[in-house]
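First the structure, in the form of structure tokens, and then the observations on it.
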Amino acid sequence: MATKMKSTILSMSLVLLVIASLSSGLLAYVYSLTKDAIDLANKQKKIEALTQVMPEFYNSPIDEAYKIASDGDSLNCYLGKDANGEVIGIAIETYTDKAFSGKFTVMVGLQPDGVIYNTIMLEHQETPGLGDKAEKNKSDWSNQYNGKNPSTNNIAVTKDGGEIDGITAATISSRAYSDAVQRAYNAYMNEVKPNLGL
Amino acid sequence: MSNTNKLSILTKGFLKENAVFVMLLGMCPALGTTTSAVNGMGMGLATMFVLVMSNIVVSLIKNLIPDKVRIPSYIVIIATFVTIVDLSMHAYIPSLYKALGLFIPLIVVNCVVLGRAEAFASKNNVLDSILDGLGMGLGFTLALVILGGVREILGSGSIFGIDLHIFPGDGMLVFVLAPGAFIALGYIIAITNKINKKFQKA
């Protein structure tokens, strides 16, 4: 058996240098291998969310996405168009920082007149079993927003005098969801609708 | 080394030296990711991959690493494999990545992995180190699946996502939340101790 390498300044720095360079080389290689697949997975996730929150569209909303201003921040906005190029749905990637833990992002789909078509939770860190019921695959709670127009319907939770029944034991998450939807609606009314000429 | 010895290297991680239930290592991922059996299994398998790979590399180059810098060297090796798992999982199993994403980078600081590199791989040959990594990794996976399974059954009334219809409502929420993780873990550790004691007497 070979004897163990002695710990001298030279041997220690050399060994660390070699290990670090080898692993960064390996990681660069793996990164280049997986980069396309990761981009594709992210894009797929977004397309999936978009098809759920808008009527069937014939364009590629992701490639035509643009940013809109909202309360000193900006949101991603996607337009769904029918075969004639008419805008039939608007998806806005909105967020709230009033959530129970961290902030969460919601994709809100609106009809051109401002009525909510569908909403879907994208990313969140809400409590499993409680706040995560806002997710579509956990419960159909978030369907309550569909068909409501925030200008005539109050989309706050019932505890705040609105029309949305909060999730049991997760009022903060429900409030935050309403906040996110409202933010998307406001941004649409102020920034998108005037420019669409509808 | 005889064959019975090889077998014991592989199997000691299942019960006798189970990383979670007996040595109480790797508590953070064990408690954090086990809200369901599937999550536990994903985390366990990811950890096992890192464990086997880092054990192989460490045992291959153990004589080239000067003693004083062995810990940083091991950490760099482990971190490399963790990042590989992180990237590949994100690329090819996005649904699992969504559930575990936050905890994957934390495998780097899982003391099970560094512990096996330091305590086993740096003193043994490659084959034994692979067996050790596999055994410890399987034991870790087993522990996470049991813990995740118990919490899923009691907390959501389902197992591996299949509804068992044993509760009228949603199940006992506390088991999905953090306190339930500790309660379930405590009972499982007690049972493991009981079984291990019986084996020692026999």
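What the table below lists for this structure:
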| quantity | calculated |
| --- | --- |
| Qualifying positions in the stretch A:72-85 - assigned to a loop (DSSP other than H, G, I, E, B) and touching a residue at least 12 places away in the same chain (Cβ under 8 Å) | A:ASP82, A:ALA83, A:GLY85 |
| Hits in the stretch B:54-84 (condition: among the charged types (D, E, K, R), outside any helix (DSSP H, G or I) and at the interface with another protein chain (Cβ under 7 Å from one of its Cβ atoms)) | none |
| Any hit, the stretch A:162-177, residues being under 18 Å from the mean Cα position of the chain (by Cα), open to solvent by 30 Å² or more (accessible area, probe 1.4 Å) and at negative phi | yes |
| Scan of the stretch A:58-92 for residues that are of a type in the set (Phe, Trp, Tyr) and under 15 Å from A:VAL106 (Cα atoms), ordered by number | A:TYR78 |
| Residue check, A:ALA69 surrounded by fewer than 18 Cβ atoms within 10 Å (Cβ to Cβ), more than 14 Å from chain B (Cβ to nearest Cβ), in contact (Cβ under 8 Å) with a residue 24 or more places away in the chain and part of a strand (DSSP E or B) | yes |
| Unique residue being surrounded by 12 or more Cβ atoms within 10 Å (Cβ to Cβ), touching a His at 6+ places or on another chain (Cβ under 9 Å) and over 22 Å from B:ILE9 (Cβ atoms) when the list is B:GLY171, B:GLY157, B:GLY149, B:GLY180 | B:GLY157 |
| Within the stretch B:89-105, considering residues that are in contact with a Ser or Thr (Cβ under 9 Å, 6 or more places away or on another chain) and not in a loop (DSSP other than H, G, I, E, B), the one modelled with the lowest pLDDT | B:ALA99 |
| Residue that is most open to solvent (accessible area, probe 1.4 Å) [pool: residues in the stretch A:1-27 that are within 18 Å of B:ILE75 (Cα to Cα) and more than 7 Å from chain B (Cβ to nearest Cβ)] | A:LEU22 |
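The values are calculated or read from the model by the stated rules, or taken from the named source; none is laboratory data. Bear in mind the structure is a predicted one, so any value in this text is a computation, not a measurement. Here Cβ is always computed from backbone atoms with ideal geometry, including for glycine, and neighbour counts include all displayed protein chains. Quick note on the areas: whole protein, heavy atoms, side chains included, nothing else; ligands and nucleic acids left out. Shrake-Rupley method; radii C 1.70, N 1.55, O 1.52, S 1.80 Å.
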